[in-house]
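The values are calculated or read from the model by the stated rules, or taken from the named source; none is laboratory data. Everything quoted here is computed from the prediction, not taken from an experiment. Virtual Cβ from ideal backbone geometry, glycine too; neighbours counted across all protein chains shown. Surface areas here come from the heavy atoms of the whole protein model, side chains and all, with no ligands, DNA or RNA. Shrake-Rupley method; radii C 1.70, N 1.55, O 1.52, S 1.80 Å.
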Amino acid sequence: MKDKIIGIVLSGGQSRRFGSPKAFARKDGKYFYQYSIDALSSVVDSFVLVTNPTLIGKFLYEQEVNFAIITDKKEYEGLGPLAGIFSGMEYIRGDWYVISPIDVPFINGNIFQSLLLHRDKNIDAIIPVVSGKIQPLLSIYHYRVKRLIQLQLKSNTLSVQELLKKVQSKVCFDGGRKGFL
């Protein structure tokens, strides 16, 4: 049986240091969020964009791509990336969730295709290391982690790194190649 692969685009950040919502920054005339959508479209069955309530009506997409735009579950609103991942998992059921943050305009589907090759029944998270840095928000998580994420949110333990300490992870290195991003 084929795994159901769901994409979650995280676009809920306040972008305080950036000065304006990163989702609507442009590179080569294209919004940052459109790069994430394009990268996910080639590898997932469907996807959801999770954003904050102030941005909900501002996303446009010209291509024939069907995706939902949602906000964090009320009880976890504003609690960061784990809240966005959990909210996406609550909204649409899948076996694996491909996570993409909004602020990676150099992203392409190759990273996700490469990571999906590492799926295994004993692995809960597949995390890339790009240019020597672990990228837990540019990763793949199994549905099993949903319960752990919810427990962390309830206890106000908002660190993705803490989640990774509790699950079986596979870390994939880019070997210095530029192909991941």
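Once the Cα-Cα distance is subtracted from the 0.36 nm per residue extended length, the Lys74 to Leu151 segment shows a gain of 26.2 nm.
Heavy-atom accessible surface of Arg93, to the nearest 10 Å², is about 120 Å², with a 1.4 Å probe and all protein chains retained. Between Ser46 and Lys121, full extension at 0.36 nm per residue minus the direct alpha carbon distance yields a gain of 24.8 nm.
Per-residue accessible area (protein heavy atoms, 1.4 Å probe) orders Asp120, Asp95 as Asp120, Asp95, starting from the largest. When the accessible area of the stretch 19-114 is split by element with a 1.4 Å probe, what percent falls to carbon and sulfur? After summing per-atom areas, the C and S share lands at 48 percent. Based on the alpha-carbon gyration tensor of the stretch 72-146 and its eigenvalue square roots a ≥ b ≥ c, which shape applies: rounded if a/c is under 1.5, prolate if not and a/b is larger than b/c, or oblate? Since a/c reaches 1.5 but b/c is at least a/b, the shape of the stretch 72-146 is classed as oblate.
Filter the cross-link list Lys27/Lys121; Lys2/Lys27; Lys73/Lys170; Lys2/Lys58 down to pairs whose alpha-carbon distance in this structure exceeds 30 Å.
Lys27/Lys121; Lys2/Lys27; Lys2/Lys58
A probe of 1.4 angstrom, applied to the heavy atoms of all protein chains, finds His118 with accessible area near 60 square angstrom.
Taken per residue, the accessible surface of the chain reaches 52 Å², heavy atoms only and a 1.4 Å probe.
Any chance you could check the Cα centroid distance between the stretch 24-41 and the stretch 116-162 for me, in angstrom? The two parts, judged by their Cα centres, are 23 Å apart.
Work through the residues other than Gln152 whose Cβ is under 12 Å from its Cβ and net out their charges, Lys, Arg +1 and Asp, Glu -1. Spell out each step's value before the answer.
Values: positive: Lys146, Arg147, Lys154, Lys165, Lys166; negative: Glu162.
Net of charged neighbours comes to +4.
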